[in-house]
């Protein structure tokens, strides 16, 4: 019998028992769709968390910490293969406040000394402008302008008992090209350091999160000694200079694939390190276990649906006993008869799986569209819709896994009835009415 004839044979028997086959396909569809949708939750949450982590920090960035007061050997770190740059930053601690003035506005920012040449090597992005080339040129954070208020706006903020709101207070124009005045005061003290003028030539990249505020003021480390001398005049001599600032180091690998190799070398140098890739590795292990668990639960639903396929195929063999006897009488072998019934169960599995995949994508789309709005309406200040959380993602790998499980279970469910069909006695079958 030709393969085309075998397909026609299966179709004829499916049409003959439409209602029974329909309910069996429906059960298979529900089981497979449940598996896909359930597992898609893990894929969706993993994608959301991964994107959140990657958007919050550079993928190639490695935080490096020395294990003693000597710090780190910068030359040795830079000599490591695939280390593109090593950025040293010095940041003032809380007792000192950086006072910023622009025209009739004033505010505060987070002072950071850094090496702009190393930042350029690391290819750290700016939202506007360029990197400084002179000692009196600086880069400011994306949100520094929102911290610069007039006296009227400061008074209004105090009366409201809250911080200034975005988009309606602060300096609303671009700070690029502006010159600001900068000095320092000790906490709860009026005396301040020498006022210095700086030109803003670059604006930092916009924070990835809506609630994040970048009010940093990045100054060339060439100015570090001058400013330290400025505030030494107002600092108690009993207090050590190092208590007012801390130094940190960030190494940048050439690409994401090189990060693990660089991390290994840094750890071998007895340095403490942190990279977002390590966090991603831990995240991937957790979600791998979650995916396996959800797929296992979903497979149980598919196995329950397989009971329907088994019953359908068993009834099909019983009803076609005489037909099987005729086929054997005209020369059909056991392998052909077994193949025909397995093809019928596979047909049910394939059709149910295809419909399940289509339904799963529809459910996934609706879930991502509706759930954030529903949760935002139910939970006050939820911010779920703005956060861009995906509750369901269906990658092609999940579709392949679910299809193999669903179709495989369907074929196995039809295998036993098909074997039973091959053992039917020809004479008894022909005598059956």
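A few comments on the model shown:
- Here the translational diffusion coefficient of segment 305-428 follows from Stokes-Einstein with Rh set to the Kirkwood radius across Cα pairs; for 25 °C and 0.890 mPa s it amounts to 140 µm²/s.
- Over segment 343-383: Rg over Rh, Cα atoms, Kirkwood Rh: 1.38
- With eigenvalues of the C-alpha gyration tensor scaled by 5 and rooted, segment 19-148, Å: 50, 24, 15
- Convex hull per residue volume in Å³, alpha carbons only, for segment 304-358: 75 Å³
- For segment 78-137: Kirkwood Rh in Å [reciprocal of mean 1/r, alpha carbons]: 14.1 Å
Each reported figure results from applying straightforward, stated rules to the coordinates on display, with no laboratory input. As the structure is a computational prediction, the values presented were derived from the model and not from experiment.
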